[in-house]
Amino acid sequence: MTEIIVRKIPLPPHVRAFTMPDPQGDYNIYINCALSAEQQLSSYLHELKHIRRDDFYKRGKTAKEIEDEM
Ligand SMILES: [Zn+2]
């Protein structure tokens, strides 16, 4: 079963959040702990949308193209 692990960590100011799939098929979401609670929630929902859309397995698309579709 796919698991989603969420961690709040210090990240550079321009990085709100990112997601890393791991080899077991689980997902690790990292959220910038310096964001406000509201920004953390919207970043979390944004990352969940990437997972639902299977964006991590779209070969041949740039990160920008994927973000533009969001
Ligand atoms: Zn995104």
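General observations
- Selection status of E47, of a type outside the set (A, V, I, L, M) and open to solvent by 70 Å² or more (accessible area, probe 1.4 Å): no
- The condition of being at pLDDT below 95 and open to solvent by less than 60 Å² (accessible area, probe 1.4 Å) does not hold for M1.
- Annotation note: Cβ proximity below 6 Å between a residue of the range 53-68 that is within 20 Å of G25 (Cα to Cα) and free of Cβ contacts under 8 Å to residues at least 40 places away in the same chain and a residue that is more than 11 Å from the ligand (Cβ to nearest atom) and not in a helix (DSSP H, G or I) (sequence gap 6+ or interchain) occurs for F56/P21.
- Among the residues making up the range 1-47, those that are within 16 Å of the ligand (Cβ to nearest atom), in contact with a helix residue (DSSP H, G or I) (Cβ under 9 Å, 6 or more places away or on another chain) and of a type in the set (S, T, N, Q) are T19, N32.
The values are calculated or read from the model by the stated rules, or taken from the named source; none is laboratory data. Just so it is clear, the structure is predicted and the values come from calculations on it, not from any experiment. Ideal geometry is used to build each Cβ from the backbone, glycine not excepted, and the neighbour counts take in all protein chains shown. Keep in mind that these areas ignore ligands, DNA and RNA; they rest on the heavy atoms of the full protein, side chains included. Shrake-Rupley method; radii C 1.70, N 1.55, O 1.52, S 1.80 Å.
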